[in-house]
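Working notes, structure below.
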Amino acid sequence: MPETVRIVTGKQEMELQVVEGTEGEKGIDVSNLRAKTGLVTLDPAFMNTASTESAVTFLDGEKGILRYRGIPIEELGERSTFTETAYLLIYGHLPTREEFTRWERLLTRHSMIHEDMRRFFDGYPMTAHPMAILSAMVSSLSSFYPYALNAKSDEYRDITIARLIAKLPTIAAFSYKKNIGHPFMYPRNDLEYCANFLRMMFAVPAEEYRPDPVAVKALNLLLILHADHEQNCSTSTVRLVGSAQTNLFASISAGICALWGPLHGGANQEVVEMLDDIRHKGLTAQQFIAQVKDKKSGIRLMGFGHRVYKNFDPRAKIIKKACDEVLEKLGVRDPMLDLAKQLEESALRDPYFVERKLYPNVDFYSGIIYKALGIPTQMFTVMFALGRLPGWIAHWKEMIEDPSTKIGRPRQIYTGPRETHYVPLEKRG
Ligand code: ACO
């Protein structure tokens, strides 16, 4: 017998089906609730609402588990590359050698952007935030590939996906070059994805540049760890926008905007700025923690807390270890890392954080690695976007290929005025 839940409203009774995922999580299917009872559910911020079924990523916030297509994040971080993980997320399986060769070739051969698009950069002020440029440029890609506008057509879907993944590092690096007034460095097909990105970021035409293998490995790891996180704010945005059958470029552009917020992908930048500020003011970790606990201060310990992880964030564990290794191998001595560790230690001993189940999240240490790689703070959220791109695409693809997908359109409980009447301007007090 399938499990059901009975609800009683006045004299009416209704059975609701319980659906169960492959890892045993259960949810009440309320899709017929309004039709049968006239009621809707109210769940601000989706604290209890599964917006979709999905086969892309599994996470268990209590146990600190994260798996892409069933494979634990720890294994992918240790053994995979970012482009291979991207393929896994998007196509649902690890690529065969042949599939991987083709995939890699697509990602290198499509990395240039149209020269007209390169000129768009001239119009931005030097101080433009790279996330503003990134979202605008990704949306603009739709104007260069009009056949990608029909989201439902699968004819050009694969090439559109490859184009987007191939071009995002180029756009990201150009936005940085614009910011510092350096000439753009065009992509090179003989370099792997992360090495190519580092070269476009840090090379100048005046001299040879060889990406440091330690930096390339660290970047691969960081991008893998950020590659998907099921129905987070930006992914849900991509799915919602895409549910209107909006093309891939525009849907991803919306996701980039959602990621920009300081409570989401903007947190890695906020963490480093917070650490900088603490050092600047000469505060100890304990003094800062005391400020955070004082609710009147409105200060949060950035990089701490997560809507889903309530024991630990498995990505934070991997990043903390990588942070120590990368800084040591690159010979970087950063007092920020010591301060971050002191803050973590103080917080994890403090009842305020323990009671609220607040642990370091993926962003607590990632900014310190990015900083050690030479990536400026303003670019941190862009780095997050580079990593999250395959996840967004995987969800968009899953949604658009599902024949049962309908346009996303939540309900509301209206709390405004009852019917009232228009008053002409001259009669208003
Ligand atoms: N510092 C201090 N207190 C915190 C923090 C924090 N970082 N995070 C949560 N709290 C407190 C809240 O004040 C609240 O306390 P209360 O119960 O006394 O009111 C309680 O913990 C619950 O917090 P909520 O904001 O209700 O938790 P929610 O699940 O809505 O928010 C979030 C999760 C947004 C991540 C939050 O923990 C936060 O703001 N963290 C800092 C920003 C950050 O690091 N974001 C990155 C998240 S990971 C990512 O997007 C990649």
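The values are calculated or read from the model by the stated rules, or taken from the named source; none is laboratory data. Note that the structure is a prediction, hence the values are computed from the model and not measured. FYI the Cβ positions are ideal-geometry reconstructions off the backbone, even for glycines, and counts take in every protein chain you see. Only protein heavy atoms, including side chains, enter the accessible area calculation; ligands, DNA and RNA are left aside. Shrake-Rupley method; radii C 1.70, N 1.55, O 1.52, S 1.80 Å.
Miscellaneous remarks
- When Phe100, Phe288 are compared by accessible area of protein heavy atoms, the largest-first order is Phe100, Phe288, using a 1.4 Å probe.
- Scanning the chain for DSSP H helices at least 15 Å long along the axis (C-alpha atoms) with a Kyte-Doolittle mean no lower than -0.5 picks out 130-144, 157-180, 213-226, 248-260, 314-330, 335-349, 380-400.
- Over 32 Å between alpha carbons, listed pairs Lys152/Lys321; Lys63/Lys178; Lys281/Lys320; Lys167/Lys293; Lys26/Lys217: Lys152/Lys321; Lys63/Lys178; Lys167/Lys293; Lys26/Lys217
- Principal semi-axes of the equivalent ellipsoid, √(5λ) from the alpha carbon gyration tensor of region 2-59, are 24, 14, 9 Å from largest down.
- Size of charge dipole - region 283-421 - debye, nearest 20, with Cβ of Lys, Arg +1 and Asp, Glu -1, no other charges: 440 debye
- Fluctuation leader among Asn48, Asn311, Asn220 - the chain, Gaussian network, Cα springs under 10 angstrom: Asn48
- Positive dipole terminus of region 260-366, leading residue within Ile319, Met336, Gly298 (C-beta point charges): Gly298
- Accessible area of Arg34 in the full protein assembly, 1.4 Å probe (Å², nearest 10): 120 Å²
- The alpha-carbon positions of region 163-274 define a convex hull whose volume is 128 Å³ per residue.
- Region 30-96 - convex hull of alpha carbons, volume per residue in Å³: 123 Å³
- Counting only protein chain heavy atoms and rolling a 1.4 Å probe, the accessible areas of Asp154, Asp212, Asp276 rank, largest first, as Asp154, Asp276, Asp212.
- Rounded Å value of the spacing that divides the Cα centres of region 93-107 and region 214-263: 22 Å
- Lys/Arg +1, Asp/Glu -1 at C-beta; region 1-68 dipole; positive extreme among Ala35, Ala55, Leu16: Ala35
- Magnitude of the charge dipole, the chain, Cβ model with Lys/Arg +1 and Asp/Glu -1, debye to 20: 1000 debye
- Dipole magnitude (debye, nearest 20) for region 345-395, charges at Cβ of Lys, Arg, Asp, Glu: 100 debye
- Distant-in-sequence amide H partners of Leu16 (H built 1.01 Å from N, under 5 Å): Val5, Arg6, Ile7
- Heavy-atom accessible area order for Tyr68, Tyr145, Tyr359, Tyr414, largest first, 1.4 Å probe: Tyr414, Tyr359, Tyr145, Tyr68
- Percentage of interatomic Cα-Cα distances in region 242-352 larger than 26 Å: 31 percent
- 3J(HN,Hα) along region 21-36, derived from phi through the Karplus expression 6.51 cos²θ - 1.76 cosθ + 1.60 where θ = phi - 60°, amounts to x, 5, 9, x, 6, 10, x, 8, 7, 9, 4, 9, 4, 5, 4, 8 Hz, with x in place of Gly and Pro.
- Within region 317-371, all pairs of alpha-carbon atoms sorted by distance into 10 Å bins from zero give the percentages 23, 51, 21, 5.
- Solvent exposure of the chain, expressed per residue, is 53 Å² of accessible area, with all protein chains present and a 1.4 angstrom probe.
- Area accessible to solvent at His226, 1.4 Å probe radius, in Å²: 0 Å²
- Cα Rg over Rh - region 218-266, Kirkwood: 1.02
- Taking GluC sites (Glu not before Pro) as exposed when DSSP calls them loop and at most 13 other C-beta atoms lie within 10 angstrom, the chain has its longest site-free stretch at 209-400.
- Arg157 - accessible surface, heavy atoms, 1.4 Å probe, Å² rounded to 10: 20 Å²
- Percentage of interatomic Cα-Cα distances in the chain larger than 34 Å: 37 percent
- Heavy-atom accessible surface of the chain: percent carbon and sulfur, 1.4 Å: 52 percent
- Principal axis dimensions, largest first and in whole angstrom, of region 1-116 by Cα: 65, 41, 25
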